[in-house]
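Student: The structure that follows is given in the form of structure tokens.
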Amino acid sequence: MRLVNKKALYNYHILEKIEAGIVLSGAEVKSIRAGRIDLGESYVRILNGEAYLVNANIPKFQQSGEKDYDATKSRKLLLHKDQIDSLLGKVSGKATTLVPVAIYEKNNRFKVEVGLAKSKKEFDKRKILKERDHARRVEQELRGKE
């Protein structure tokens with residue numbers, strides 16, 4: 001199972017990707033396995049030498065007994081110190097940010113694919129939509145003539 005952050009792929013050019021583990025509770029794992037996670041407005045922030053996934057919405061698992069559950073709390077990402085230092089150097093001073101591109105299960109553990117991203121301009125987005133539309137029309141033309 002791989003859940004992709006389509007909003008990040010639409011709004012950003014992904015320059016580099018890195019795999020990170022994530023600290024989750026048992027109820028959060030069950031909720032993600034059910035496909036209930038929203039990475040649309042989330043981003044990665046580095047604080048005090050540690051990486052955190054901020055604003056990722058993981059709704060409360062139905063059978064969970066937790067009373068005061070915060071669905072959008074910050075969750076710690078598991079990265080090596082040199083990886084964090086490298087990302088911090090690439091992000092600081094430049095027009096780049098860190099966004100979660102996807103979340104998936106690997107060896108019974110959840111991993112987050114973090115992307116070093118640069119924001120797309122509005123004309124880039126329109127150009128991509130125009131190219132997709134053109135490709136779709138060509139595909140329909142070819143299918144119609146066979």
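The values are calculated or read from the model by the stated rules, or taken from the named source; none is laboratory data. Only a predicted model underlies this, so the values are computations on that prediction, with no experimental measurement involved. Every residue, glycine among them, receives a Cβ derived from its backbone with ideal geometry; neighbour counts consider all protein chains shown.
Student: What about Glu122, is it out of contact with any Ser or Thr (no Cβ under 6 Å at 6 or more places or on another chain) and surrounded by fewer than 14 Cβ atoms within 10 Å (Cβ to Cβ)?
Tutor: Yes: the conditions hold for Glu122.
Student: When you go through Leu47, Leu53 one by one, which is the residue that is hydrophobic (A, V, I, L, M, F, W, C) and under 21 Å from Lys17 (Cβ atoms)?
Tutor: Exactly one residue qualifies, and that residue is Leu53.
Student: Among (1) in a loop (DSSP other than H, G, I, E, B); (2) surrounded by fewer than 17 Cβ atoms within 10 Å (Cβ to Cβ), which single condition is Phe61 missing?
Tutor: (2)
Student: Let me ask another. Is it the case, given these coordinates, that Tyr104 is surrounded by 18 or more Cβ atoms within 10 Å (Cβ to Cβ), within 30 Å of Glu131 (Cα to Cα) and aromatic (Phe, Trp, Tyr)? Let's see the steps before the verdict.
Tutor: Working: surrounded by 18 or more Cβ atoms within 10 Å (Cβ to Cβ): no; within 30 Å of Glu131 (Cα to Cα): yes; aromatic (Phe, Trp, Tyr): yes.
Against the criterion (surrounded by 18 or more Cβ atoms within 10 Å (Cβ to Cβ), within 30 Å of Glu131 (Cα to Cα) and aromatic (Phe, Trp, Tyr)), Tyr104 does not qualify.
Student: Still on this structure: Hey, could you check the stretch 41-58 for residues that are surrounded by 14 or more Cβ atoms within 10 Å (Cβ to Cβ) and out of contact with any strand residue (DSSP E or B) (no Cβ under 7 Å at 6 or more places or on another chain) and say which is farthest from Ile103 (Cα to Cα)?
Tutor: Ile46
Student: Please tell me if Ala20 is more than 30 Å from Leu129 (Cα to Cα), in contact with an Asp or Glu (Cβ under 7 Å, 6 or more places away or on another chain) and either at pLDDT below 90 or outside any loop (DSSP other than H, G, I, E, B) (or both).
Tutor: Judged against the criteria, Ala20 is not a match.
Student: Moving to a separate point now. Filtering the stretch 108-134 down to residues that are of a type in the set (A, V, I, L, M) and assigned to a helix (DSSP H, G or I), which residue is nearest to Leu79 (Cα to Cα)? Reasoning before the result, please.
Tutor: Of the stretch 108-134, the ones of a type in the set (A, V, I, L, M) are 112, 114, 116-117, 128-129.
So of that shortlist, the ones also assigned to a helix (DSSP H, G or I) come out as 128-129.
Values: Ile128: 33, Leu129: 35 Å.
Checked the stretch 108-134; the qualifying residue nearest to Leu79 (Cα to Cα) is Ile128.
Student: Identify, from the list Leu15, Leu53, the residue that is farther than 27 Å from Lys130 by Cα, outside any loop (DSSP other than H, G, I, E, B), among the aliphatic types (A, V, I, L, M) and at pLDDT 90 or above.
Tutor: Leu53
Student: Would you please name the residue that is surrounded by the fewest Cβ atoms within 10 Å (Cβ to Cβ), looking only at residues in the stretch 25-40 that are touching a residue at least 24 places away in the same chain (Cβ under 8 Å) and under 13 Å from the mean Cα position of the chain (by Cα)?
Tutor: This residue is Gly40.
Student: In the stretch 15-65, what count of residues is obtained for those that are closer than 16 Å to Met1 by Cα and of a type in the set (D, E, K, R)?
Tutor: Total satisfying the criteria: 6.
Student: Related question: Report the residue count in the stretch 74-93 for those that are outside any strand (DSSP E or B) and either surrounded by 14 or more Cβ atoms within 10 Å (Cβ to Cβ) or not charged (D, E, K, R) (or both).
Tutor: Going through the stretch 74-93 one residue at a time, the tally reaches 13.
Student: Could you grab the pairs with beta carbons closer than 6 Å, sequence gap of 6+ or different chains, first residue in the stretch 102-123 and of a type in the set (A, V, I, L, M, F, W, C), second one not in a strand (DSSP E or B)?
Tutor: Matching pairs, first to second residue: Leu116/Lys90.
Student: Determine, yes or no, whether Leu77 is under 22 Å from Lys6 (Cα atoms) and of a type in the set (A, V, I, L, M, F, W, C).
Tutor: On the way: under 22 Å from Lys6 (Cα atoms): yes; of a type in the set (A, V, I, L, M, F, W, C): yes.
For Leu77, the condition - under 22 Å from Lys6 (Cα atoms) and of a type in the set (A, V, I, L, M, F, W, C) - is met.
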